[in-house]
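Peer 1: Before I ask anything, here is the structure I am working with.
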Amino acid sequence: MTERHGVDMKAYESVDTPALLLDLDQVERNIRTLQSAATLTGMKLRPHAKAHKCPHLGRLQMAAGAVGLCCSKLGEAEVMAAGGIADILITTPVIGALKIARLVALARKATISVVVDDEQNIAELALAARTAGVTLRAFVEVDVGQGRCGVPPGPRAAELAHQVVRSDALTFAGLQGYHGAIQQAIGFTERKAAVLAAMARLETSLKDFRRAGLEVPVITGGGTGTFPIDVELGLLTELQPGSYVTMDANYDRVQWRAEPGPTPLGCPLSILASVVSRPSRQRAILDVGWKSASSDGGLPQVKDRPELRFEFAGDEHGALTIATGELDLLCGDRIELIASHCDTTVNLYDSFVIHREGRPQGSWPIAARGKSQ
């Protein structure tokens, strides 16, 4: 087997493909970079577990100084709590009797916060929590421009907060203002303008809280792409980056600051693929297709081989091509791909093959994989 760029392929002969590799040295550097930046400005870090879905990684984040984790789905939160994470914010409303029953059961095992934007949901949460003898922390969400969940900027958020405060089973925890659609705006100037607009909407709601005499303990939001801007602005008191742990090809293109330069975050995540066919001198077929590399963010990139292009060739296959010359790959050779979107690619795998200095150290289960309920 020919040795290629990236990890030492000879060390991976016992790893079957496709496999999701994770460089723990780079993971730890990424975690330290953002945790240090947040700590220096007095901001709290509550990373989003939806990106990695792995309690092992969540515990690394907590050990570095995170105050807790975020989860998008209740099922993710259940996995993280079972994995030892004691403080979890579910960043999407939990609706319906089935899920609320699970939520209050989870609140017996960990400190649970939930996002709300609806009076009836608040009433149902309060009743279920009171009946179960638990207390839930509730964040009112303001729609800061994404057009997804949340109440419009203005007095509505304060009205819902008053309803939370009146309940003896809910604690008003603060406001959430998150705008996921701007996280990967490539240009710094464009992204900063979008953040300023989003935070202006959040500030509109905060003014109504001040008029009503309501304290806002925590203002939570932000993400990996807006992190350097959020830290500089200082309106948010708690930050929710997720993808920074694993990164991907799309985030790697984002201009981190106004001045030119690479992002301070490396990309520890890669997909190990095998060549299964060589139909021509300029084309190789890999065992990675739509089922092992997500396509919602575009095409994966070939790690350390900019002259090669990956194309999807079906559910189970991909193709590598080279513009000029001949591919230096044989059947059975291995090559690494960088996912275009880390969150959705991670969700395709059962485990990470973790490595240090290019040598495998075992595997970590992606225990929250597929937890969409």
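Peer 1: Any idea which of (1) out of contact with any helix residue (DSSP H, G or I) (no Cβ under 6 Å at 6 or more places or on another chain); (2) of a type in the set (Val, Ile, Thr); (3) surrounded by fewer than 22 Cβ atoms within 10 Å (Cβ to Cβ) is the one VAL134 doesn't satisfy?
Peer 2: Among (1) out of contact with any helix residue (DSSP H, G or I) (no Cβ under 6 Å at 6 or more places or on another chain); (2) of a type in the set (Val, Ile, Thr); (3) surrounded by fewer than 22 Cβ atoms within 10 Å (Cβ to Cβ), VAL134 violates only (1).
Peer 1: Give all pairs with beta carbons closer than 6 Å in which a residue from segment 1-14 that is part of a helix (DSSP H, G or I) meets a residue that is at pLDDT below 70; count only pairs at least 6 apart in sequence or on separate chains.
Peer 2: If the second residue must be at pLDDT below 70, the pairs left are MET9/GLU3.
Peer 1: Taking PRO279, is it surrounded by fewer than 18 Cβ atoms within 10 Å (Cβ to Cβ), of a type outside the set (A, V, I, L, M, F, W, C) and over 16 Å from the mean Cα position of the chain (by Cα)? Outline the logic, then answer.
Peer 2: Numbers: surrounded by fewer than 18 Cβ atoms within 10 Å (Cβ to Cβ): yes; of a type outside the set (A, V, I, L, M, F, W, C): yes; over 16 Å from the mean Cα position of the chain (by Cα): yes.
It is true that PRO279 is surrounded by fewer than 18 Cβ atoms within 10 Å (Cβ to Cβ), of a type outside the set (A, V, I, L, M, F, W, C) and over 16 Å from the mean Cα position of the chain (by Cα).
Peer 1: With a cut-off of at least 3 residues that are of a type in the set (S, T, N, Q), name the strands (runs of 3 or more DSSP E) lying wholly within segment 249-365. Before you say what the answer is, go through the steps one by one.
Peer 2: On the way: elements: 269-280, 283-286, 308-312, 318-322, 334-338, 351-356, 359-365.
Those strands (runs of 3 or more DSSP E) span 269-280.
Peer 1: Identify, by number, the condition in (1) within 20 Å of the chain's Cα centre (by Cα); (2) surrounded by 19 or more Cβ atoms within 10 Å (Cβ to Cβ); (3) hydrophobic (A, V, I, L, M, F, W, C) that ALA173 doesn't meet.
Peer 2: So the condition that ALA173 fails would be (1).
Peer 1: Show the residue pairs meeting these rules: Cβ distance below 6 Å; 6+ apart or different chains; first residue within segment 334-355 and assigned by TED's automatic domain parsing to the domain that holds VAL15; second residue modelled with pLDDT under 95 and assigned to a helix (DSSP H, G or I).
Peer 2: What qualifies is ARG334/MET9.
Peer 1: Output the number of residues of segment 189-216 satisfying the condition of being under 30 Å from PRO262 (Cα atoms) and either crowded, with 18+ Cβ neighbours inside 10 Å or not assigned by TED's automatic domain parsing to the domain that holds ILE90 (or both).
Peer 2: Filtering segment 189-216 down to residues under 30 Å from PRO262 (Cα atoms) leaves 189-200.
Restricting the remaining residues to those that are either crowded, with 18+ Cβ neighbours inside 10 Å or not assigned by TED's automatic domain parsing to the domain that holds ILE90 (or both) gives 191-192, 194-195, 198-199.
The total comes to 6.
Peer 1: Residues in segment 315-352 that are within 22 Å of the chain's Cα centre (by Cα) and not aliphatic (A, V, I, L, M): how many? Explain how you work it out, then say what you get.
Peer 2: First, pick out the residues of segment 315-352 that are within 22 Å of the chain's Cα centre (by Cα): 336-352.
Pick out the ones that are also not aliphatic (A, V, I, L, M) and you get 336, 340-345, 347, 349-352.
Total meeting the criteria: 12.
Listed here are the residues, each with its yes/no results for (1) hydrophobic (A, V, I, L, M, F, W, C); (2) buried (at least 22 other Cβ atoms within 10 Å of the Cβ); (3) at pLDDT 95 or above.
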| site | (1), (2), (3) |
| --- | --- |
| ALA319 | yes, no, yes |
| THR324 | no, no, no |
| CYS331 | yes, no, yes |
| ARG334 | no, yes, yes |
| THR344 | no, no, yes |
| SER351 | no, no, yes |
| GLU357 | no, no, no |
| SER363 | no, no, yes |
| ILE366 | yes, yes, yes |
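Peer 1: Which residue pairs have Cβ atoms closer than 9 Å, lie 6 or more positions apart in sequence or on different chains, and pair a first residue in segment 212-234 that is farther than 22 Å from ALA49 by Cβ with a second residue that is buried (at least 23 other Cβ atoms within 10 Å of the Cβ) and among the β-branched types (Val, Ile, Thr)?
Peer 2: Cβ pairs passing all conditions: ILE229/VAL195; LEU233/VAL195.
The values are calculated or read from the model by the stated rules, or taken from the named source; none is laboratory data. Everything numeric here is computed off the predicted structure, so don't read it as measured data. Cβ sites come from the backbone with ideal geometry, for glycine too, and all protein chains shown count toward neighbours.
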